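Engineer: Supplied in structure tokens, the structure appears directly below.
The values are calculated or read from the model by the stated rules, or taken from the named source; none is laboratory data. These numbers come from a predicted model, not from an experiment. Reconstructed Cβ throughout: ideal geometry from the backbone, glycine too, with neighbour counts over all protein chains shown.
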Amino acid sequence: MGNNRNAIIIGAGIGGLSTSIRLALQGYKVTVFEKNSHAGGRCGHFEKEGHRFDTGATFLMMPEVYRSTYASFGKEMTSELDLHQSDPIYRVKFNNGIDIKFTPDLSDLQRQLENIEPGSYNKFLKLLHQGHKAYKQAMKHVIDHNYTSYFDKDMLRQIIILFRFHAFSNHYRFISRKFRNEALRDLFTFREGPMSYASSVTLDMPRIM
Ligand SMILES: Cc1cc2nc3c(=O)[nH]c(=O)nc-3n(C[C@H](O)[C@H](O)[C@H](O)COP(=O)(O)OP(=O)(O)OC[C@H]3O[C@@H](n4cnc5c(N)ncnc54)[C@H](O)[C@@H]3O)c2cc1C
């Protein structure tokens, strides 16, 4: 396809790089402009005094998007990247002694949550289920949708979906209706500003690579 077509990408973050790959595969001659001396954008890190600090992304979220980008140029994500499941995924310590290891081991998580607030584990599972449903719907009808006009014919359906999944409501208020314990409310929202219950939260993450 059109070898004389040019594309200019501003920014070598994960978005710019993925778009560049896909355009190059369609035959575009792609030039990427990046203001920093390195690529990666917010997927960066620095090391100080033996500690590694992520400046942005830590977890591999939406792996299917990365998988499909790798697949678009004939590679398999898992053979290209050295990926490890981290356990715990992260750990949040509250200054009143509550210490939660957010682990993929559901029976361990159940024990921890039930110790803090009886009944909270089932509420957490329900939340997970709702979140998964919202994610699937949003991917299908909103994220993967190509917007070519302000008056897109699917706009009404998309707005209804966003309302149905509480996209316009206050997340902290939404979570507070489910959990009474302040630490759990903070855990499930990571809300900004002073925590009402814990004045400090430590994220203690294992290195995954
Ligand atoms: C604290 C934090 C934690 C996060 N945690 C996660 C996580 O755990 N998992 C996850 O999946 N996502 C996470 N994210 C989100 C994820 O990092 C971003 O969604 C993703 O990196 C965005 O990629 P991007 O390419 O769209 O933008 P960016 O990464 O912001 O890239 C934009 C690039 O454009 C460059 N640029 C901007 N303006 C110009 C210009 N005028 N000329 C040239 N270059 C320019 C910038 O220097 C940058 O390199 C986190 C983000 C933050 C901030």
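Engineer: Among the candidates G40, G44, G56, G27, single out the residue that is in contact (Cβ under 8 Å) with a residue 24 or more places away in the chain and within 13 Å of the ligand (Cβ to nearest atom).
Structural biologist: G40
Engineer: A further question on this structure: Being under 22 Å from the mean Cα position of the chain (by Cα), of a type in the set (S, T, Y) and not in a loop (DSSP other than H, G, I, E, B) narrows it down to one of T69, T58, T31, so name that one.
Structural biologist: T69
Engineer: Still on this model: Could you tell me whether the stretch 3-18 includes any residue that is within 15 Å of the ligand (Cβ to nearest atom) and assigned to a loop (DSSP other than H, G, I, E, B)?
Structural biologist: Checked the stretch 3-18: at least one residue is within 15 Å of the ligand (Cβ to nearest atom) and assigned to a loop (DSSP other than H, G, I, E, B).
Engineer: Pull out all pairs, ordered by first then second residue, where Cβ-Cβ is under 8 Å, the residues are six or more apart or on different chains, the first lies in the stretch 5-16 and is in the same structural domain as R42 (by TED's automatic domain parsing) and over 20 Å from T58 (Cα atoms), and the second is small (G, A, S) and more than 6 Å from the ligand (Cβ to nearest atom).
Structural biologist: R5/G27; A7/S20; I9/S20
Engineer: Regarding D99, is this residue touching a residue at least 24 places away in the same chain (Cβ under 8 Å) and among the acidic types (D, E)?
Structural biologist: no
Engineer: Considering only the stretch 17-37, I want to know if a residue exists there that is among the β-branched types (V, I, T) and in contact with a Leu (Cβ under 6 Å, 6 or more places away or on another chain).
Structural biologist: So far as the stretch 17-37 goes, yes, one or more of its residues are among the β-branched types (V, I, T) and in contact with a Leu (Cβ under 6 Å, 6 or more places away or on another chain).
Engineer: Just one of the numbered conditions (1) assigned by TED's automatic domain parsing to the domain that holds I161; (2) within 16 Å of the ligand (Cβ to nearest atom) is not true of I100; which one?
Structural biologist: Single failed check for I100: (2).
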